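Worksheet: one structure, shown below.
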Amino acid sequence: MNSSQLLTYCTFTYLLASILYVAVFLFRAHKIGIIATICTVLGFLMQTVGIGLRWAESYQMGYGHAPLTNMYESLVFFSWSIILFYLGLELKFKNRLIGAFATPFAVASMALAALGMPDEIRPLVPALQSNWLIIHVVTCFIGYAALAVACGLGVMYLLKFYIGKPASQPDNQGSLIGSLPPLKIIDDITYKSIVFGFLWLSAGIITGAIWANSAWGTYWSWDPKETWSLISWFVYAVALHARFVRGWGGRRIAWLAIIGFIAVIFTYFGVNYLLSGLHSYA
Amino acid sequence: MKKEKNTIWVFFASVKLALFTLIILAIASIIGTVIQQNQSPEFYVKQFGPTTAKLFQVLDISQMYDSWWFIFLLVLLSINLIVCTLDRFPALWSMVTRDNLATNLDRLEKMGRKKTFFTKSSPNEIAGAIASIMENSGWKSEKADKEAGGVLFFSQKGHWTRLGLIAVHTSILVIFTGAIIGKTLGYKGGLMLPETATSDHIYQHGTNKKLPLGFEIRCDRFQISFYDNGSPKEYRTNITIMENGKEVKKTSIVVNDPLDYRGFTFYQANFQPIDGQFLTHIRKENTNSEQTFRMRAGKDIAWESEGITFGIINIMEPMMGGKYRYKIWFSDNRAEPVDFWMDGSATVKIERPDTSYFLTVKQLYSTGLQIAKDPGVWWVYIGFFIMLAGLYIVFFLSHRRLWVYIGNADNRTRILVCGSANKNKINFEKDFSTLIEQFEQNDNLHLA
């Protein structure tokens, strides 16, 4: 078995898991929740082994580098981080409904990798031969993963807020939307995810800057990727200040979680495909 | 107690201003990623038309991130940060240093978490037991006697975490300071240095001004290596540093591994083959003496100490991705001169009556070095560290305070355990419950 096969199985396992999570939500089929979790954990193990295998394969080919060097590999790692973060949330908050809003991001990421990106293992170009590669990519993607889940939670919040709340009976347990966690709880988890993601996003920008300085002699050159990561950082900084000091919560934070993640996604993809700059590899 | 503050101070200390500046900075930053930077004026006229180009010129759009208005926004953010920090510091500092044993007893009754016990023992009898319960649960306490025979214990953790906020905000100012130091005292430059050539200066980026290094740098050799699939594996420049004509350091520079020397950092940036010039290396077998020459086709080179003359008399272009071939003429005045074809970068053995020579010929390259001198970079790095540490403190650590008050109440003694945390209240509640259990299980208190 090679890494590509394993990662393909993982994609389908994640797809199944996310369908199950959505089913738990749509049909209030809470009994199948445990199966969804088992699928997710299984997929995660496959993916972990798959990533490890790909690492080993690169050594067999004589290249020997961590599988974090192109769009395909970064998408796989992105989805791995999302699942890791989500499983942490599920464990901590004991709520599977978040899965319906979080795991689809991991499925989308894997599907995009499988369908849209060349998956061959290529040797590392000189610009990427640095220990900072792993540190930079890992810090960034832990952040991205948390912010992706925060976006999912934002969507969940708005769904509940706009559709699920008849004026007369807020938090109606009987209705579909009513089965979602109370708005206050969603808001709290969204905020916590943003905080976690913001810390790692900051670390990602910082490790990128230090790497840039050791490779080019400039820690900041306003290259589009750098600039967009800073724009995302600004959005989340605004969200946190608005919450800490001005007491923003609920709808506004939910919207900011979504807007922030759009900026993150643009940093990740948009810059590569729409703008030109130094980050031409991934 | 409340000071009158003037309106300008209030304006610059406000979070509203911070939000406004951050949003404007975010939106403005987009412009420079969409409109190409550092292009010629003609480019903008061609791309956007003369009217828009004129507007761009006024707004410095071609170098947006250095423009007056973008710098103005950063200055505004800095002033906002400074004033806001100064404004909030006294209150935060008093939270850190406050004497919590002086806390009004009425306020204790209103704490977030609280629990009361009663006992027949007098406050003085159980004071020791309470201090040790607290200490055993990790709450080392101070004690003060209160009116009417009451005793108040206080313990806190993480009071310094109140300053995390100041750390995060200061870190941004530290990073800006580093950036300003770098901009004013540092510079970036470049140097194209052919193999075997030496330079004692570099050229500043932008102005092309010649800047002295204070020492000399020589490029001994530039090498590119490739992977099997043809993509580049490594760009390496072998360097010798010389001071006052003496070699002091031999090293090599590769991408991602620059050379630091006397405040300058040399980076491998690019390279260029020099047309019609070659780098030859020759070694004499019996004496092991060797020499490197830079040469041109059709022009003989003399290795005078060894009495040897040689030259490249013909070149064959590579076919289908192959190598260059060179025709060499060689004479040592001890036998008939020879000529032969050899591959580029290969080493050939030339056998002569008295000894043999090993000869390598390759294309001559210039290595492109980027040079940075940035005395501000350590400020920036320290700022980075403070920011991450500060963010961690702000988000994940909390200031937890715990009071235990023992006082007389109707022939009995009332024990009030209470406390609060400014963040992470769930964790604090767990700690609090554990402590309460310790109280409940303690035999020395004789709880009723």
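Read-outs throughout are calculated quantities, based only on the coordinates presented, and are distinct from any laboratory measurement. Note that the structure is a prediction, hence the values are computed from the model and not measured. When we count neighbours, we look across all protein chains shown, and the Cβ atoms used for this are built from the backbone with ideal geometry, even at glycine.
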Next on the checklist: What do you get for GluC sites (Glu not before Pro) in the range B:102-198 restricted to DSSP loop and a cutoff of at most 16 other Cβ within 10 Å of the site's Cβ?
Outcome noted: B:E109
Checklist entry - Around A:T218, which amide H atoms from residues at least 5 apart in sequence, or from another chain, sit under 5 Å from its own amide H, with H modelled in the peptide plane? => result A:N213
Item to check | Mean Cβ neighbour count within 10 Å, used as a protection proxy, ranking B:51-63, A:31-43, A:75-87 highest first | outcome: A:75-87, A:31-43, B:51-63
Checklist entry - Setting aside same-chain residues fewer than 8 positions from B:K110, which lysines have a Cα under 27 Å from its Cα? => result A:K184, B:K2, B:K120, B:K140, B:K143, B:K146, B:K157, B:K423, B:K425, B:K430
Item to check | For the range A:80-86, Karplus couplings with θ = phi - 60° (6.51, -1.76, 1.60), whole Hz, Gly/Pro x | outcome: 4, 5, 4, 5, 4, 5, 5
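Per-residue ellipticity at 222 nm for chain B, helices alone: DSSP H runs ≥ 4 residues times -39500 (n - 2.57), over residue total, nearest 500 deg cm²/dmol?
Details: 10 runs with 151 residues, N = 448.
Using -39500 (n - 2.57) per qualifying helix, the result is -11000 deg cm²/dmol.
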Checklist entry - For the protein assembly as shown, with the dipole built from +1 on Lys and Arg beta-carbon atoms and -1 on Asp and Glu ones, taken about the Cα centre, which of A:G208, B:L25, A:V49 lies farthest toward the positive end? => result B:L25
Item to check | Reachable aspartates and glutamates, given that their alpha-carbon falls under 16 Å from the alpha-carbon of B:K284 and they are not under 8 places away in the same chain | outcome: B:E304, B:E306, B:D332, B:E351, B:D354
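Determine the shielding of peptide B:167-178 by partner chains: average, over its residues, the number of Cβ atoms on other chains within 10 angstrom of each Cβ.
Details: counts 0, 2, 0, 0, 1, 1, 0, 0, 4, 0, 0, 1.
Other-chain Cβ atoms within 10 Å of each residue's Cβ, averaged: 1.
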Item to check | Cα-centred dipole magnitude for the protein assembly as shown, charges only on beta-carbon of K, R (+1) and D, E (-1), debye, nearest 20 | outcome: 2600
Next on the checklist: Report the Cα centroid-to-centroid distance between the range B:220-274 and the range B:1-54 in angstrom, as an integer.
Outcome noted: 40
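Using the Kyte-Doolittle scale, which helices in chain B average at least -1.0 and also have C-alpha atoms spread 18 Å or more along the helix axis, with helices defined as whole DSSP H runs?
Working: long enough: B:15-34 (29 Å, 2.39); B:68-97 (42 Å, 1.62); B:123-136 (19 Å, 0.29); B:164-185 (31 Å, 1.70); B:377-396 (28 Å, 2.17); B:425-441 (24 Å, -0.74).
Span-like helices, by this rule, are B:15-34, B:68-97, B:123-136, B:164-185, B:377-396, B:425-441.
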Checklist entry - By the gyration tensor of its Cα atoms, with a ≥ b ≥ c the square roots of the eigenvalues, what is the shape of chain A: rounded for a/c under 1.5, prolate for a/b over b/c, or oblate? => result oblate
Checklist outcome for this item: Residues meeting the amide H criterion for B:Q36 (H placed from the backbone, H to H distance under 5 Å, 5 or more places apart or on another chain) are none
Checklist entry - If R0 is 60 Å, what FRET efficiency do you get for B:K249 and B:R412 from their C-beta distance, rounded to 0.05? => result 0.15
Checklist entry - Counting only residues 5 or more places away or on other chains, whose amide H sits under 5 Å from the amide H of A:W248 once H atoms are built in the peptide plane? => result A:R243
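Can you give the net charge of the other residues whose Cβ lies under 15 Å from the Cβ of A:F141, counting K and R as +1 and D and E as -1? Could you put the intermediate results ahead of the total?
Working: positive: A:K225; negative: A:E73.
Local charge sum for A:F141: 0.
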Checklist entry - From the residues A:S130, A:A111, A:Q60, which one has its Cα farthest along the dipole of the range A:1-138 in the positive direction, the dipole being from +1 and -1 charges on Cβ of Lys/Arg and Asp/Glu about the Cα centre? => result A:A111
Checklist outcome for this item: Averaged over the residues of A:187-200, the number of partner chain Cβ atoms within 10 Å of each residue's own Cβ comes to 1
Checklist entry - Residue-wise, which Karplus ³J(HN,Hα) couplings in Hz belong to the range B:353-368, taking 6.51 cos²θ - 1.76 cosθ + 1.60, θ = phi - 60°, and x for glycine or proline? => result x, 8, 7, 10, 10, 10, 10, 10, 10, 9, 4, 8, 10, 9, 9, x
Item to check | Neighbourhood net charge (13 Å Cβ-Cβ; Lys/Arg +1, Asp/Glu -1) for B:I166 | outcome: +1
Checklist entry - Short version: ³J(HN,Hα) in whole Hz for each residue of the range A:125-138, in order, from phi by Karplus 6.51 cos²θ - 1.76 cosθ + 1.60 (θ = phi - 60°), x for Gly and Pro, what are they? => result 5, x, 4, 9, 7, 7, 5, 5, 4, 5, 4, 5, 5, 5
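What does the structure give for B:63-70 when I average, per residue, the other chain Cβ atoms found within 10 Å of the residue Cβ?
Values: counts 1, 2, 4, 1, 0, 0, 0, 1.
Taking the mean over all residues of the peptide, I get 1.
For the protein assembly as shown, count all C-alpha to C-alpha pairs, find those more than 41 Å apart, and express that count as a whole percent of the total. It would help to have the intermediate numbers written out before the result.
Values: 134709 of 266085 pairs.
The calculated P(r) of the protein assembly as shown puts 51 percent of pairs beyond 41 Å.
Please pull out the direction-averaged projected area of the range B:38-119, using the convex hull of its alpha-carbon atoms, in nm² to one decimal place. Show your work: numbers first, answer last.
Working: hull surface 43.2 nm².
For the range B:38-119, averaging the hull's shadow over all directions gives 10.8 nm².
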Item to check | Anchor B:K323: aspartates and glutamates whose Cα lies under 16 Å away (excluding residues fewer than 8 positions away in-chain) | outcome: B:D228, B:D275, B:D343
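What is the dipole size for chain B, taken about its Cα centre, with +1 at each Lys and Arg Cβ and -1 at each Asp and Glu Cβ, in debye to the nearest 20?
Values: 51 positive and 43 negative charges, 336 e Å.
Here chain B has a charge dipole of around 1620 debye.
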Item to check | Ellipticity estimate at 222 nm from DSSP helix runs (n ≥ 4, -39,500 (n - 2.57)) divided over chain A, nearest 500 | outcome: -25000 deg cm²/dmol
